[in-house]
Amino acid sequence: MREGKLKVGVLVSGSGSNLQALIDACAVPGHPAEIVLVISNRPGVRALDRAKTASIPAVVFDHKNYPDRASFDADMQKALDAADVEFICLAGFMRLLTTEFVEHWGGRMINIHPSLLPSFKGLNVQQRAIDAGARFSGCTVHFVTPEMDVGPIIQQAVVPIHQDDTGDTLAARILVQEHRIYPASLRWVAEGRVRVEGERVFLNDAVYPDTGLLNPSPEQAN
Ligand code: GAR
């Protein structure tokens, strides 16, 4: 077990409900991680208010003010270094990162994505899962690699897709599970229980449920 708490930077672009879940988890006494910096690429977003309320330093690097991704990432890197950040959580951060930045943080940056990867990478994934006729969707916490929405998976949660779902209702159902698995995954990482081997993640003392979930349920279809 490492000495002291893992210093975490959280990158956001919007509402910050996942940031809030991480803030709340880290506030539990004895939690092995602390959020030391929040960075947003958009000014005025709710995530910044959440950071302020929690007395966490927050900075905005408005991507519109940068000529290219490299200069934007370089400014983020400076801020992360100045805050002694050791580990990054992307929490609704809707900006592609340069390969250089991703490789610098290799094995030290995770993301949450609102689909069951490797299905439905990219944008508008809830509506795309509905349109594809999938019966289940969910969310994935994974290590970040240069290819978008690809990287060793730490944890997933599954939710059913209902026949009257819209993208928004499905997104809301998935978000509830995001707020469960993102803090859990960060805790495991900070506890040093996570090991990456190739594409796979191994977790010390993991519990693997052995249940199945059917959707629609045969019982209710009678
Ligand atoms: C979340 O659903 C997150 O999984 C998604 O954006 C939302 C942010 O919500 N992220 C992505 O789609 C990244 N590819 P939040 O700002 O309330 O946490």
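The values are calculated or read from the model by the stated rules, or taken from the named source; none is laboratory data. This structure is a prediction, so every number in the text was calculated from the model and none was measured. Here the Cβ positions follow ideal geometry from the backbone for every residue, glycine too, while neighbour counts run over all protein chains shown. Heads up: the accessible areas ignore ligands, DNA and RNA and are worked out on the full protein's heavy atoms, side chains in. Shrake-Rupley method; radii C 1.70, N 1.55, O 1.52, S 1.80 Å.
In region 121-141, the qualifying residues are those that are within 14 Å of the ligand (Cβ to nearest atom) and touching a residue at least 40 places away in the same chain (Cβ under 8 Å), and the one that is nearest to G14 (Cα to Cα) is N124. Look at region 47-58: where a residue is open to solvent by less than 30 Å² (accessible area, probe 1.4 Å) and a partner is in a helix (DSSP H, G or I) and not basic (K, R), sitting 6+ places away or on another chain with Cβ atoms under 8 Å, you get A47/L19; A51/L19; A51/I23; I56/I23. Within region 97-120, if we keep just the residues that are part of a loop (DSSP other than H, G, I, E, B) and farther than 18 Å from K78 by Cα, the residue that is farthest from the ligand (Cβ to nearest atom) turns out to be G107. Residues in region 190-222 that are out of contact with any Lys or Arg (no Cβ under 9 Å at 6 or more places or on another chain), open to solvent by less than 60 Å² (accessible area, probe 1.4 Å) and of a type in the set (A, V, I, L, M, F, W, C): V194 only.
Inspection of region 122-131 identifies at least one residue that is among the small types (G, A, S), part of a loop (DSSP other than H, G, I, E, B), in contact with an Asp or Glu (Cβ under 7 Å, 6 or more places away or on another chain) and farther than 19 Å from E199 by Cα. Here D68 does not fit the description of being under 20 Å from L175 (Cβ atoms), among the charged types (D, E, K, R) and open to solvent by 60 Å² or more (accessible area, probe 1.4 Å).
Of all residues in region 15-46, those satisfying the criterion of being open to solvent by 30 Å² or more (accessible area, probe 1.4 Å) and not in a loop (DSSP other than H, G, I, E, B) are Q20, D24, E34, R46. Of the strands (runs of 3 or more DSSP E) lying entirely inside region 135-217, those containing at least 2 residues that are hydroxyl-bearing (S, T, Y) and either in contact with a helix residue (DSSP H, G or I) (Cβ under 9 Å, 6 or more places away or on another chain) or at pLDDT 95 or above (or both) span 136-143.
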